[in-house]
């Protein structure tokens, strides 16, 4: 993918171009990692399931999915 130029907005907000978000499957609320490498800002999509496996956490996927759904429903009720 060709590099893109974006501007920094108020409060340091950077808008990731739509085609980049779509290519990576990033949506509103998706977790990303931000780090510095020299004079570069690296923004990396975080996969929470990958992180759980990497940490060796034993988890039942169905239970976790149900908990996430319940948390999302609670969040939406507060809007």
Suppose the chain between residue 21 and residue 79 were pulled fully straight at 0.36 nm per residue; how much longer would it get relative to their current alpha carbon spacing?
18.4 nm
Three semi-axes of the equivalent ellipsoid, segment 7-46, Cα gyration tensor, whole Å, largest first:
17, 14, 10
Restricting to Cα pairs under 8 Å and 6 or more apart, the percent relative contact order of the chain works out to 14 percent
Direction-averaged shadow area of the convex hull around the Cα atoms of the chain, nm²?
8.0 nm²
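Any read-out appearing in this document is the output of simple, stated calculations on the displayed coordinates, not a laboratory observation. It should be emphasised that the depicted structure is a prediction, and the values quoted were computed from it without experimental measurement.
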